[in-house]
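To start, the structure under review is shown below, and the notes come after it.
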Amino acid sequence: DPKIIQKPKYLVAVTGSEKILICEQYLGHNAMYWYRQSAKKPLEFMFSYSYQKLMDNQTASSRFQPQSSKKNHLDLQITALKPDDSATYFCASSRHIANSDYTFGSGTRLLVI
Amino acid sequence: GDSVTQTEGPVTVSESESLIINCTYSATSIAYPNLFWYVRYPGEGLQLLLKVITAGQKGSSRGFEATYNKETTSFHLQKASVQESDSAVYYCALGDQGSNAKLTFGKGTKLSVKS
């Protein structure tokens with residue numbers, strides 16, 4: 001059974017719309033993260049959370065807003081979508097914020113048209 | 001800033017042949033970087049393959065090896081004899097030992113092993 005669930009696997013969105021990417025982890029980890037991989041680019045760190053508190057934000061745009069309603073959830077809301085937002089978004093978790101042994105989800109592939 | 005450069009893919013190798021995927025790094029903001037190889041099999045998330053936190057040490061897992069070379073700032077991934085099941089995308093990454101567990105990744109190298 002997958003330990004980190006990301007939903008949906010694939011998502012097509014219209015420019016200007018808003019979407020929420022879901023991430024749930026069942027590992028009992030205290031730290032969660034979002035990374036993004038655009039075509040031909042490395043995975044890029046976006047956010048880190050520890051005990052549901054934002055620890056680091058490397059995303060320049062406020063259109064990207066993480067939401068942590070429960071300890072094991074870290075959803076990602078994206079507003080005013082642009083074609084450049086097309087990418088695969090990976091959620092990850094680790095035992096605690098100083099532990100970089102991540103477990104990753106299988107990703108949500110977003111296409112903005 | 002910090003960066004990781006790895007072999008451009010795709011790489012195709014025949015089964016039982018040897019493999020090397022090159023990885024070099026630049027750690028300008030991290031005094032003592034940790035180095036990682038992650039693997040992503042089709043349809044799955046990235047999995048930690050191996051990790052080395054001390055320069056000069058070698059990590060190994062599932063027949064893969066990588067040595068942390070601080071002099072050449074390299075962390076090449078090697079396997080003596082690949083199998084078809086090794087077909088995947090391999091990511092080199094560097095991280096910090098401190099309170100920030102953020103990882104800096106390379107672009108990934110897609111490996112296809114022919115039977």
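Every read-out reported here was derived from the displayed coordinates using simple, explicitly stated rules and does not represent laboratory data. The shown structure was predicted, so the numbers you read here are calculated from the model rather than taken from an experiment. No Cβ is skipped: glycine too gets one built from the backbone with ideal geometry, and neighbour counts run over all protein chains shown.
Observations on the structure shown:
- Percent antiparallel among DSSP beta bridges (both partners in chain B, rounded to 5): 90 percent
- Dipole check for chain B: with +1 at the C-beta of Lys and Arg, -1 at the C-beta of Asp and Glu, and the Cα centre as origin, the magnitude is about 140 Debye.
- Computed on chain B, with alpha-carbon pairs under 8 angstrom and 6+ residues apart, the relative contact order is 37 percent.
- Cβ-based charge dipole, the protein assembly as shown, positive-most Cα from B:Thr12, B:Phe36, A:Ile5: A:Ile5
- Three-way shape call for the protein assembly as shown based on the alpha-carbon gyration tensor, with the a/c threshold at 1.5: prolate
- The charge dipole of the range A:51-90, taken about the Cα centre with unit charges on the Cβ atoms of Lys, Arg (+1) and Asp, Glu (-1), comes to about 200 debye, rounded to the nearest 20.
- Cut-off 14 Å between beta-carbons: net charge of the residues surrounding B:Leu19, Lys and Arg +1, Asp and Glu -1: -1
- Using θ = phi - 60° in the Karplus curve 6.51 cos²θ - 1.76 cosθ + 1.60, the 3J(HN,Hα) couplings for the range B:40-55 round to 10, 7, x, x, 10, x, 5, 10, 5, 8, 7, 9, 9, 10, 10, 4 Hz; x is entered for Gly and Pro.
- Rounded to the nearest 20 debye, dipole of the protein assembly as shown from Cβ charges on Lys, Arg, Asp, Glu: 380 debye
- Cα centroid of the range A:43-82 to Cα centroid of the range B:69-115, whole Å: 26 Å
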